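Worksheet for the structure shown next.
The values are calculated or read from the model by the stated rules, or taken from the named source; none is laboratory data. Worth saying up front: this structure is predicted, and the values here are computed from it rather than measured. So basically every Cβ, Gly included, is an ideal-geometry build from the backbone, and we count neighbours across all protein chains shown.
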Amino acid sequence: MSVVLSSIIFFLSFFLSLKLDDTEKLTAYECGFNPFGDSRIEFDVKFYIVAILFLIFDLEISFLFPFIVYLDYATILGFYCMLFFLFVLTIGFVYEWKKGALDWD
């Protein structure tokens, strides 16, 4: 029943919507500004590296929240597993720091 209803809503909105193109809709989007320069210029990959590192370490830090809530009930094995996890996280952070991935030149 839900597949039929969603299909009906999809096709009705597709056929009944206005399809008027204007110049603003057809322009290239670049943060609300008119495009300037060539979009195929080379740029530093450092921004992507820092973003990926942020995501990796942010996700790993989010694994600490369940452990903190469960800390009163954790066994000694669970505690040492989390210490090992923090050790690996620290080693990765020090490695990235020593490689210079966090330096802004």
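General remarks:
- Close pairs (8 angstrom Cβ cut-off, 6 or more residues apart or separate chains): surrounded by fewer than 10 Cβ atoms within 10 Å (Cβ to Cβ) and modelled with pLDDT under 90 in region 1-18, in a loop (DSSP other than H, G, I, E, B) and not basic (Lys, Arg) anywhere: none
- Residues of region 93-105 satisfying the condition of being in contact with a helix residue (DSSP H, G or I) (Cβ under 8 Å, 6 or more places away or on another chain) and surrounded by 10 or more Cβ atoms within 10 Å (Cβ to Cβ): Phe93, Glu96, Ala101, Leu102
- Candidate set from region 48-82 (those that are in contact (Cβ under 8 Å) with a residue 12 or more places away in the chain and either among the aromatic types (Phe, Trp, Tyr) or outside any helix (DSSP H, G or I) (or both)); member that is surrounded by the fewest Cβ atoms within 10 Å (Cβ to Cβ): Phe63
- All told, Phe85 meets the bar of being surrounded by 13 or more Cβ atoms within 10 Å (Cβ to Cβ), out of contact with any strand residue (DSSP E or B) (no Cβ under 8 Å at 6 or more places or on another chain) and closer than 30 Å to Val45 by Cα.
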